[in-house]
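The values are calculated or read from the model by the stated rules, or taken from the named source; none is laboratory data. All values reported here derive from a predicted model rather than from experimental measurement. No Cβ is skipped: glycine too gets one built from the backbone with ideal geometry, and neighbour counts run over all protein chains shown. Note: areas computed on protein heavy atoms with side chains; ligands, DNA, RNA excluded. Shrake-Rupley method; radii C 1.70, N 1.55, O 1.52, S 1.80 Å.
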Amino acid sequence: MDILIIAEVKDGALSPVSTELFTAARTISADSRVSVVAIGNGVKSAVLSLANLGASVVFLAEPRDLTPQLAVSFIGKAAAESRAAVILMAESDLGADIAPQLASKLGTAAVTGVVALRNDNGQLIITRPVYGGNAMADFTIDTEPQIISIRPKVFAPAASGGNQTAETIELAAESPANIRVIEHVAVQQQGPRIEEAKVVVGGGRGLGGPEGFTQLKQLADLLGGVVGASRPPCDQGWWPETGQIGITGKIISPDLYIAVGISGSSQHVSGVTGSKTIVAINKDAEANIFKAATYGVTGDWKKVVPALTVKIKEL
Ligand code: FAD
């Protein structure tokens, strides 16, 4: 089963989840030929790392203005050339956007937001959450290439082999005539991206307003983490929508997720089930979030969060 990995590159550096895709490829088959589309800016600088991770061919895709449609065009060319049976990409902003489009372009199917893969005597079994994260379902794809987008942190980063070489092929593609990039607006990023953070403190409607997020930020900073939110605070403008956690926001898998004033709707919980430990702080002992939590504190966040912050400072 030849595999094509889509590796996202920013300023010459591989996105952390891209290295995890190599582990996923090895899970499918230890002796598959692995080709890579390196897409982004500074892709040539990433070739050595990709070769050391096990890529035998690296397709270079460096568009001036990256749009999902252009990415699909690049990857379509690499897919035809590599004749891969499986295409792996991260369930990132780009991956979530392009997986279905690519499946449509190549006349095949995609399974997105995948949390496990297993090779059952040559048949790839693909697992993803369904019904808002309340159940897991196994899928198989009968057409090739099988397109799979994988949630970050599902697989460990692959170890680098060192001193390997890869053939490089430069790709060219035209942006569709009906799409024009007008402006790039860089999102101001302090600390790690929420999808990659080891600690996330999430605030919900129970915070009652934007002020509560200042206290969550203090707590998150102490723990080396970042702040996120359920949907209502983002809708209300209390917290940027780029920090929304859940089925229509970011899917996170930190070591520790602290949910503060969040009821635990299925749409929210499905975005945090990959967390290793979940701590819930809610004044309602019956809140659904306690079902998903490893530890729970029933109480008013205005008392619990400052007390927790003081204790952590003492450590
Ligand atoms: P609420 O449900 O209002 O809960 C607030 C909680 O705060 C309550 O449990 C309350 O007991 C507690 N509380 C109140 N005061 C205090 C206090 N002083 N101390 C401690 N606890 C307190 N939601 C998401 O989060 N992410 C998504 O991606 C998402 N996508 C959606 C997609 C669709 C199609 C739809 C229909 C909905 C989606 N939602 C999403 C919304 C979701 O259904 C819920 O409405 C939302 O998650 C509720 O947010 P919440 O828990 O912050 O608020």
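Observations
- Where Rh is the Kirkwood radius over Cα pairs, Rg/Rh for segment 1-156: 0.94
- Magnitude of the charge dipole, segment 75-204, Cβ model with Lys/Arg +1 and Asp/Glu -1, debye to 20: 280
- Taken per residue, the accessible surface of segment 177-315 reaches 56 Å², heavy atoms only and a 1.4 Å probe.
- Ranking of T165, T294, T23, T67 by solvent-accessible surface, largest first: T165, T294, T23, T67 (1.4 Å probe, protein heavy atoms only, all chains present).
- Unit charges on C-beta of K, R, D, E only; dipole of the chain, Debye: 740
- Given +1 at the Cβ of Lys and Arg, -1 at the Cβ of Asp and Glu and no other charges, the dipole of segment 1-83 around its Cα centre is 100 debye to the nearest 20.
- Oblate is the label for segment 65-137, because a/c, from the alpha-carbon gyration tensor with a ≥ b ≥ c as root eigenvalues, is 1.5 or above and a/b does not exceed b/c.
- Across K153/K217; K77/K250; K250/K313; K10/K153; K198/K311; K105/K276, pairs whose alpha-carbon gap is larger than 27 Å: K77/K250; K250/K313; K105/K276
- Mean ellipticity per residue at 222 nm, deg cm²/dmol - from DSSP H runs of n ≥ 4 across the chain, formula -39500 (n - 2.57): -8000 deg cm²/dmol
- Label separation (D235 vs E183): 2.8 nm, computed from points 7 Å beyond Cα along the C-beta direction.
- Ellipsoid equivalent to segment 182-237 - semi-axes via the Cα gyration tensor, in Å: 20, 17, 9
- Residues in segment 1-110 average 36 Å² of solvent-accessible surface per residue, probe 1.4 Å, ligands and nucleic acids excluded.
- Backbone geometry of segment 303-315 corresponds, through the Karplus equation with coefficients 6.51, -1.76 and 1.60 at θ = phi - 60°, to 3J(HN,Hα) couplings of 9, 5, 5, x, 5, 5, 4, 4, 4, 5, 5, 6, 5 Hz, x marking Gly and Pro.
- One decimal place: the segment I125-T298 gains 58.3 nm when fully extended, by the rule 0.36 nm per residue minus the C-alpha distance.
- Under 15 Å, Cβ to Cβ, from T273 - net charge with Lys/Arg +1 and Asp/Glu -1: +3
- Fraction of accessible area attributable to carbon and sulfur, the chain (%, probe 1.4 Å): 49
- A85 sits among other residues whose Cβ lies under 13 Å from its own Cβ, and their net charge, with Lys and Arg +1 and Asp and Glu -1, is -1.
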